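The values are calculated or read from the model by the stated rules, or taken from the named source; none is laboratory data. All of these numbers come straight from a predicted model, not from anything done at the bench. Heads up, the Cβs are rebuilt from the backbone with ideal geometry, glycines too, and the neighbour counts pull from every protein chain shown. Heads up: the accessible areas ignore ligands, DNA and RNA and are worked out on the full protein's heavy atoms, side chains in. Shrake-Rupley method; radii C 1.70, N 1.55, O 1.52, S 1.80 Å.
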Amino acid sequence: METKILNALKWSGLGFLEPLIKLIQGKEKDKNIRLVLRQIVVPVLSVFIFLGVCNFGASYLYNKERDIKIEKTRSVQGDAAAAQMAECIDSSDLSCKPNSLPSPADVKQGAISLWNDHKMISEKKSAFKEKTAAINKQRKEQGLKAITYTGRPSFVDQIITSLKTVFAGFLLAAFFAIPVGIVLGLSETLRSSINWIIQILKPVSPVVWLLLVSMVVKTVMANSDSDKAFIISFISVGFCSMWATLVNTTMGVSSVNPDYINVSKVLRLSVFSNIFKVILPASIPMIFTGLRITLSVAWMVLIAIELLAQSPGLGSFVWEEFQNGANDSNAKIIVAMFVIGFIGFMLDRVMMFIQKLISFEAK
Amino acid sequence: METVTAKKTMLECVNLKKAYPTPKGDFVVLEDFQLKIKEEEFISIIGHSGCGKSTLLTMIAGLNDITEGNIIVDANRIQGAGPDRAVVFQSPSLFPWMTAMENVMIGVKQVFAHGTKKQREDICKYYLDKVGLGDSFHQRASSLSQGMQQRVGIARAFALKPKVLLLDEPFGMLDSMTRVELQDVLIDVWAKEKITAVMVTHDVDEAILLSDRVIMMTGGPYAKVGDVAHIEIERPRHRKTTIEDPRFYEYRQYLLNFLDH
Ligand SMILES: Nc1ncnc2c1ncn2[C@@H]1O[C@H](COP(=O)(O)OP(=O)(O)O)[C@@H](O)[C@H]1O
Ligand SMILES: [Mg+2]
């Protein structure tokens with residue numbers, strides 16, 4: 001029972017709690033106190049230190065920005081206006097608040113306001129749904145398109161859009177790169193004749209891929225009314241991120257343990273059996289490492305691509321907030337930054353978990 | 001005492017030559033190599049490290065190209081690898097993502113394609129049982145110890161019912177206790193199946209214990225058969241009686257003498 005819980009913790013990435021549990025049970029006191037200190041207390045402490053440093057930096061920048069603002073007022077409008085400005089700033093009136101790096105408290109405020117905004121928008125949405133339910137039913141019977149909500153998306157909607165895009169891009173990358181990687185891995189001739197393309201295309205920046213993809217998609221889908229922005233961004237994400245999987249699959253397939261190949265030859269396995277029963281299972285660990293890198297690259301370039309393509313998602317959220325320049329915009333950008341980082345981390349964890357599940361290596 | 005019906009030749013190497021191309025020209029490992037092995041004969045090959053024993057074995061297996069000469073198995077010139085020449089490699093080379101059973105089954109399926117599923121399963125179980133893995137059919141190969149894995153390797157090879165069994169230092173990676181166990185397993189299974197076998201080994205005792213003939217190879221390059229020892233200790237053999245046989249030490253001395261040169 002106990003070991004089961006501990007195993008479950010380990011598998012879910014919460015293994016660091018193990019010493020705390022043991023300590024509570026009163027086992028191996030000295031060792032576990034040290035472990036708890038190292039694995040729990042010190043990391044928590046480091047979070048506080050991090051927040052402290054951020055706070056310090058933010059208040060330093062705030063004061064600097066304040067001085068600049070006052071000086072500017074003085075040089076343009078004279079001493080009286082400057083004094084008024086200083087008073088206005090110090091009264092924490094939002095209208096004259098200097099816009100600089102937000103403090104942790106500001107960020108927290110930003111997160112809360114984003115959440116409230118989300119609640120408000122979802123209420124609006126469900127109200128809209130109720131209101132249009134009857135009409136939509138009628139329209140459906142008449143063969144017309146349903147009326148959909150077209151209001152501003154909330155932060156959570158943006159997250160979901162981004163996740164959808166990254167998932168589509170990741171699938172595209174996997175479905176393209178794994179089969180191509182297998183073929184390349186099997187044929188030395190093909191590998192050496194195509195290698196130069198891969199080497200040249202691999203370092204191409206996401207921006208260029210985006211432009212290239214939109215050139216093609218714009219023409220191909222000229223007469224289609226599907227969501228072009230979404231298609232362009234997920235295809236670009238797929239292209240930018242697939243290289244790790246392509247290279248790893250090729251390497252994995254071409255470097256299968258020669259003993260396995262020999263066994264396969266002695267048994268005279270068919271080409272099909274050879275690939276699906278020997279070569280693929282043998283290269284699964286490498287392929288998965290590639291997929292893991294692909295997913296994290298996909299998430300990273302997605303933000304940049306959304307930002308550039310103006311397609312909805314976290315990237316465009318960040319860009320719009322930056323352009324917007326409202327007094328809590330900077331705080332919201334920082335909130336988005338942590339959300340992006342956290343989701344990236346979770347995606348990697350999920351991949352790691354799957355990898356552990358299917359790995360055949362001795363556990 | 002000669003048996004009445006003379007045994008047919010199962011494996012023959014004729015004027016065999018192997019040269020590996022290197023930047024400095026060909027490196028000739030074997031040249032003018034002759035070997036004739038009768039049906040139901042177990043022979044061992046000993047020789048210094050690097051003289052070309054593995055090269056010879058992989059050539060017979062069809063995993064290594066023949067530079068010149070012929071290898072004939074059961075009156076046919078070999079072409080590529082095939083399940084008629086089963087190989088037990090030094091490292092067990094099981095597919096770690098499969099169970100013990102599946103590892104044997106993948107070969108049995110190739111050889112007994114016509115049989116029913118039940119028949120094939122029975123064959124796998126029979127051989128796994130014979131090598132002492134009766135209760136580990138469904139264990140992942142990766143969770144088995146080295147010794148256990150090599151047992152599966154032996155079962156996999158015998159289950160193919162090959163014409164020739166090739167073993168390349170099959171116990172070389174095992175500790176001495178496990179090695180002794182596995183030698184006994186091999187003696188037992190072989191006594192039942194009597195499959196023509198060629199085993200490369202660097203263990204002189206192992207060679208005598210298992211073989212009818214021990215082939216001593218000269219040092220490379222240009223290695224060939226240097227000497228042959230006929231081991232006339234009666235079969236079926238058992239470790240204890242064989243080792244206690246006075247001839248065992250004569251053979252042993254003879255082989256060690258050859259290797260000392
Ligand atoms: N693929 C190869 N290319 C070139 N030389 C090789 C190759 N394989 C083996 N050799 C050389 O051939 C000789 C015989 O090797 P091997 O058959 O492995 O010897 P043994 O099994 O008797 O120790 C060695 O000198 C080795 O370096
Ligand atoms: Mg060798």
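Charge dipole (Cα centre; +1 on Lys/Arg Cβ, -1 on Asp/Glu Cβ; no other charges) of chain A amounts to roughly 1200 debye.
Computed over chain A, the per-residue total of -39500 (n - 2.57) for DSSP H runs of n ≥ 4 gives a 222 nm mean residue ellipticity of -26500 deg cm²/dmol, rounded to 500. Here's the list of lysines a cross-link from A:K131 could span, going by alpha-carbon distance under 23 Å and ignoring same-chain residues fewer than 8 apart: A:K119, A:K140, A:K145.
Per residue, chain B exposes 46 Å² of solvent-accessible protein surface, assessed with a 1.4 angstrom probe and all protein chains in place. Here the stretch B:214-232 and the stretch A:253-312 have alpha carbon centers that stand 46 Å from each other. Restricting the stretch A:83-153 to trypsin sites (Lys or Arg not before Pro) that sit in a DSSP loop and have at most 11 other Cβ atoms within 10 Å of their own Cβ leaves A:K145.
Size of the protein assembly as shown from its Cα atoms: along the principal axes, largest to smallest, the extents are 125, 69, 59 Å. Accessible area buried by the pairing of A and B, both sides summed with a 1.4 Å probe, works out to roughly 1800 Å².
By accessible area, using a 1.4 Å probe on protein heavy atoms only, the stretch A:37-113 has 64% of its surface on carbon and sulfur. Between helix A:206-220 and chain A, what is the angle of the helix's C-alpha long axis to the longest principal axis, kept within 0 to 90° and rounded to the nearest 10? On a 0 to 90 degree scale, this one is about 80. At 20 °C and 1.002 mPa s, what whole-number value in µm²/s does Stokes-Einstein give for the translational diffusion of the stretch A:110-159, with Rh from the Kirkwood sum over Cα pairs? Translational D for this selection: 177 µm²/s. In the full protein context, the stretch A:153-362 carries 49 Å² of accessible surface per residue, based on a 1.4 Å probe and ignoring ligands, DNA and RNA.
Among the listed pairs A:K69/A:K97; B:K36/B:K192; B:K18/B:K224; B:K36/B:K163, a Cα-Cα separation exceeding 21 Å is found for B:K36/B:K192.
Rg then Dmax, both in Å and based on the Cα atoms of the stretch B:203-261: 12.1, 38.
Across all directions, the shadow cast by the convex hull of chain A built on its C-alpha atoms averages 30.8 square nanometres. Once the Cα atoms of helix B:176-193 and of chain B are each reduced to a long axis, what angle between those two axes, in degrees from 0 to 90 to the nearest 10, is obtained? Its long axis makes an angle of about 80 degrees.
In summary, the convex hull built on the alpha carbon positions of the stretch B:111-231 has an orientation-averaged projected area of 9.2 nm². Each Lys and Arg adds +1 at its Cβ and each Asp and Glu adds -1 at its Cβ; summed about the Cα centre, the protein assembly as shown shows a dipole of about 1820 debye. With kT/(6 pi eta Rh) evaluated at 4 °C and eta = 1.567 mPa s, and Rh the Kirkwood radius from Cα pairs, the stretch A:232-341 diffuses with a coefficient of 78 µm²/s according to Stokes-Einstein. Contact with the other protein chains removes 20 Å² or more of accessible area, compared with the isolated chain and a 1.4 Å probe, from these residues of the stretch B:93-131: B:S93, B:F95, B:P96, B:W97, B:I106, B:Q110. Our note on the geometry: Cα centres of the stretch A:30-55 and the stretch A:1-29, 18 Å apart. With Cα atoms defining each centre, the stretch B:175-190 and the stretch A:183-242 are spaced 57 Å apart in the structure. In the distance distribution for the stretch B:1-102, Cα-Cα pairs more than 22 Å apart total 41 percent. In the stretch A:257-291, comparing the full protein assembly with the chain on its own, the residues that lose 10 Å² or more of accessible surface at a 1.4 Å probe are A:D259, A:Y260, A:N262, A:V263, A:K265, A:V266, A:L267, A:R268, A:L269, A:K277, A:V278, A:P281. In chain B, a dipole from Cβ-located charges (positive for Lys and Arg, negative for Asp and Glu) runs towards its positive end, and of B:G220, B:T242, B:L56 it is B:L56 whose Cα lies farthest in that direction.
Dividing the mean sequence gap of close Cα pairs (under 8 Å, 6+ apart) by how many residues the stretch B:169-244 holds gives a relative contact order of 27 percent. Ordering A:G325, A:L308, A:W209 by Cα displacement along the dipole of the protein assembly as shown toward the positive end leaves A:G325 in first place; charges were set at the Cβ atoms of Lys, Arg (+1) and Asp, Glu (-1). Each principal axis of the Cα atoms in chain B has its own extent, and those three values, largest first, are 49, 47, 41 angstrom.
The charge dipole of chain B, taken about its Cα centre with unit charges on the Cβ atoms of Lys, Arg (+1), Asp and Glu (-1) only, comes to about 820 debye. Which residue, chosen from A:I232, A:L246, A:A83, occupies the Cα position most advanced towards the positive end of the dipole of chain A, where the dipole is computed from +1 (Lys, Arg) and -1 (Asp, Glu) charges on Cβ about the Cα centre? About the Cα centre, the residue reaching furthest to the positive side is A:L246. Computed across the stretch A:2-90, the Kirkwood hydrodynamic radius from all distinct Cα-Cα pairs reaches 17.3 Å. Quarter the surface of the alpha carbon convex hull of the stretch A:153-362 and you get the mean projected area, 14.2 square nanometres. Where the accessible area of the stretch A:153-362 is counted over protein heavy atoms with a 1.4 Å probe, how much of it, in %, is carbon and sulfur? Heavy-atom surface of the stretch A:153-362 belonging to carbon and sulfur, 1.4 Å probe: 72 percent. In the stretch B:47-98 the Cα-Cα distances spread across 10 Å bins starting at 0 as 21, 47, 26, 6 percent of all pairs. Helix A:155-186 versus the longest principal axis of chain A: what angle, 0 to 90°, nearest 10, using Cα atoms? Helix A:155-186 sits at roughly 20 degrees to that axis.
Taking the square roots of 5 times each eigenvalue of the Cα gyration tensor of the stretch A:87-197, largest first, gives ellipsoid semi-axes of 45, 33, 10 Å.
Based on protein heavy atoms only, the stretch A:2-90 ends up with 73 Å² per residue of surface accessible to a 1.4 Å probe.
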